[in-house]
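Student: Shown below is the structure under consideration.
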Amino acid sequence: MARPLKEVLEDPDVYQDLLANPSTFRFKQSVSLVVSGVEWKPHLDFVKSPDGHLTVEGPVANLLNMVAASLNFTYSLVTPEDQAWGRKLPDGNWTGMVGQVFRQEADIALGPFAQSVERRQAVDYTQSFFFDGRTIIAGKGRPEIDPWSFMLPLQPPVWVALLVGLVVAWLSLVVMGHNPKGSSQLTSASHFMRASHLLFQHLRIILRQDVSMNMTRGREMVLMGGWVVVSVVVTCSYSGTLVSLLAVRHVPQPLQTIRDMLDATHITVVLEGVNTIVPVTLTKIKTGELKELNDLKYSGRIKYKNPALFKKEVEPLVQRGDHVQIATTLTINSHIDRGFATTRRCDFYKGRQTFFMTQHCLIGQKGNPIVAALSRRIRSVVEAGLYPYWLDKSLPVYHNCRHSPSKITVREPLALDSFWGMLVVLIAGHLVALLVFCLELNAGSN
C-alpha cells in the first residue's frame, strides 16, 4: 500500500536524496500524493464516475501521469469547495487550491497557476510549462452589406480626379470658345453658354446617357474624344467592381483591442472571478488602458463569472452582442472549438490584441523538495514539445475557425436593404430638381 508523501519524507535519507538529486530521484516504494485541481478546459477536464470517484483528462492530466510514472507515485484528487484558484484572506489564510496546498491538505495543485508575489509567499511554483496572454472573445455579427457600397468601387482620390477633370474640361472649353478677333473679352455670354452645354455633355457621357453634339472645331472633338475614352474605362471598371461588392457580405468584427472595447459604451466586459489574478492585478495598475478597463466596474460595465460556466452563463451573453469576455487565448480557442463542434459555425471571433502575458505552473507546499523534482521532469516535457502537442490535439476542430473570414460571398436576390443608399441619392436628386424647377417658375413669373 502506498504511503503518504508527508510520511515518506520524514525519513532523513529519502528527504536528503530527493533534495540532492531532484533530476534522478525516484521513490523506491510507491508513494501517495493528494492533488488538488479545478476543471479548466482544455488544460484539465474532470470526469466523475457514478460512485463519486474523480479522474482527470487533458494536457495537464497527461503531464501529471508522466511525472507520476517517473517519480513512482500515485495520487488522489480533491477539489476546493469554491472551485477557485485561491485568494489571500485578511487573516492570512487562503481560499481555493492555493489554500489547500497552503494548509497542507494537498501536496500539489494542478491549476495551471499564473505567478504572483502573494502566491509565492504561500506556495512554491514548479517549472513553467506554458505561456499565454489574455485577449477578447466576442460574438460575430450577422453578415451585412453596406448600402453605400455603390461609392466603394472608386477610391476617394478617383472621385476627386473625376471632379477635377470635369472642371478642367469646362475651363478648357471656355478658353477654346474665346474668339480674339471678335471680342476683347475672354468669354462672351454665348461662348459661356456653349461651354456649359458641353460640360453637361461630359456629365451625360460619364453617366452613360445618350449624347447629341454638334462640334465643328477639331480641338473640341479631340477633347471630347479623350473624355469618352476615360469615361468608358472608369465606368466599365466601376460596374464590374460594383457587381462584386453587391455579392459580398461583411461580417462585423469591430472589437479587436482594449481601446475598441473601452470606446464601445454599450459593451459589458466579463472577467474571471473577482479574486483571480487578472482582476486583482488590474486594481493595482495606475495608468493606461488597463486602468481604464478596471474603472469600468464603477459604471457597471464589468461582470465576474467563473470561466467554467462559459457555456451556461457567458456564451449567451457574448452571442447577444452586448458582452465580451476577457480570457486566456487558449481558453478562447477552447470556446471556439466547442462551439464549432456543436453548431458547425464560427459564431465567435478572437481579438487581435494580446495582453497580460503569464506563465503557467503547478504549485507545491512551501519548502517541499518534491517541487524541484517535478520541475526537472516538467522541463523535459517542455523541451520535447509535448505540452503544445497535447493542447493541439485537445482542440481538434478549432482550426476551422482560426482564419474565419470577415467577408463572404453570396448568390441570392438583392434585397431593399442592399441598395437603399442609391435610392436616397435618387430621391435627393429629384427633390433638388423640383426645387430648381420651382425657382425657375418663380423667376419666369417675375
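Student: Just in the stretch 1-64: which GluC sites (Glu not before Pro) are loop by DSSP and have at most 13 other Cβ atoms within 10 Å?
Tutor: The qualifying sites are E10.
Student: Under a Cβ-only charge scheme (Lys and Arg +1, Asp and Glu -1), can you give me the dipole magnitude of the stretch 241-339 about the Cα centre, in debye to the nearest 20?
Tutor: Computed about the Cα centre, the dipole is about 180 debye.
Student: What does the accessible area of I277 come to, in Å² to the nearest 10, when a probe of 1.4 Å is used?
Tutor: Near enough 20 Å² of accessible area.
Student: Can you list residues whose amide H is under 5 Å from K140's amide H, if they're 5+ apart or on another chain and H is modeled 1.01 Å from N?
Tutor: Correct list: F348, Y349.
Student: Still on this model: Please work out the average accessible area per residue across the chain, using the 1.4 Å probe convention, and give it in Å².
Tutor: Result: 55 Å² of accessible area for each residue.
Student: Right, here's the next one. Once you list every other residue whose beta carbon is under 15 Å from the beta carbon of D91, what net charge do they have if Lys and Arg are +1 and Asp and Glu are -1?
Tutor: +2
Student: If you put +1 on each Lys and Arg Cβ and -1 on each Asp and Glu Cβ, how big is the dipole of the chain around its Cα centre, in Debye rounded to 20?
Tutor: Around 1060 debye, computed over the chain.
Student: Sort the stretch 285-367 into rounded, prolate or oblate with this rule: let a ≥ b ≥ c be the square roots of the eigenvalues of the Cα gyration tensor; rounded if a/c is under 1.5, and if a/c is not under 1.5, prolate when a/b is larger than b/c, oblate otherwise.
Tutor: In terms of gyration-tensor shape, oblate.
Student: Distance from the Cα centre of the stretch 93-162 to that of the stretch 37-80, in angstrom?
Tutor: 24
Student: How large is ³J(HN,Hα), in whole Hz, for each residue of the stretch 53-67 in order, when computed from phi with the Karplus curve 6.51 cos²θ - 1.76 cosθ + 1.60 and θ = phi - 60°, using x for Gly and Pro?
Tutor: 6, 9, 10, 10, 9, x, x, 5, 4, 4, 5, 4, 5, 5, 5
Student: Skipping prolines and chain starts, which residues have an amide H placed within reach, meaning under 5 Å, of the one on R249, given they are 5 or more residues away or on another chain?
Tutor: For R249, whose amide H was placed from the backbone, the distant partners under 5 Å are I408, T409, V410.
Student: Pick from M357, M221, M66 the residue whose mean-square fluctuation is largest in a GNM of the chain, springs joining Cα atoms under 10 Å.
Tutor: In the Gaussian network model the winner is M221.
Student: Please tell me which of these pairs span more than 31 angstrom C-alpha to C-alpha: K41/K88; K286/K312; K312/K393; K366/K393; K88/K297?
Tutor: Exceeds cut-off: K286/K312; K366/K393.
Student: Ok, one more. Could you work out what % of the accessible surface of the chain is carbon and sulfur, using a 1.4 angstrom probe and leaving DNA, RNA and ligands out of the count?
Tutor: 59
Student: Every cysteine in the chain with no other Cys Cβ under 4.7 Å from its Cβ, please list them in numeric order.
Tutor: For the chain, the answer is C236, C361, C438, because their Cβ atoms have no other cysteine Cβ under 4.7 Å.
Student: I would also like to ask the following. Taking H placed 1.01 Å from N in the peptide plane, check which residues at least 5 places from F130 or on another chain put their amide H under 5 Å from its amide H.
Tutor: Under 5 Å from the amide H of F130: H360.
Student: Next question. For the stretch 227-301 and the stretch 1-22, what is the separation of their C-alpha centers, rounded to whole Å?
Tutor: Cα centroid to Cα centroid, the span is 55 Å.
Student: If you take the square roots of the eigenvalues of the alpha-carbon gyration tensor of the stretch 1-146 and sort them as a ≥ b ≥ c, do you get rounded (a/c under 1.5), prolate (a/b over b/c) or oblate?
Tutor: It is prolate, given that a/c is not under 1.5 and a/b is the larger ratio.
Student: Can you match Cα Rg over 2.2 N^0.38 Å to one of these, (i) 1.60; (ii) 1.00; (iii) 1.19, based on a calculation from the structure here?
Tutor: Read-out from the structure maps to (i).
Student: Which loop-located trypsin sites (Lys or Arg not before Pro) does the stretch 21-61 contain, where loop means any DSSP state but H, G, I, E or B and the Cβ has at most 11 other Cβ atoms within 10 Å?
Tutor: Here the trypsin sites (Lys or Arg not before Pro) that fit, given the DSSP loop and packing criteria, are K28.
Student: List, in order, the whole-Hz ³J(HN,Hα) value for each residue of the stretch 101-111 obtained from phi through the Karplus relation with A = 6.51, B = -1.76, C = 1.60 and θ = phi - 60°; use x for Gly and Pro.
Tutor: 6, 4, 8, 6, 7, 9, 7, 9, 10, 7, x
Student: What does DSSP give for the chain in terms of the percent of beta bridges that are antiparallel, rounded to the nearest 5?
Tutor: Close to 65 percent.
The values are calculated or read from the model by the stated rules, or taken from the named source; none is laboratory data. Keep in mind that this is a model prediction, so the values were computed, not measured. Reconstructed Cβ throughout: ideal geometry from the backbone, glycine too, with neighbour counts over all protein chains shown. Note: accessible area is taken over every heavy atom of the protein model, side chains too, but ligands, DNA and RNA are not part of it. Shrake-Rupley method; radii C 1.70, N 1.55, O 1.52, S 1.80 Å.
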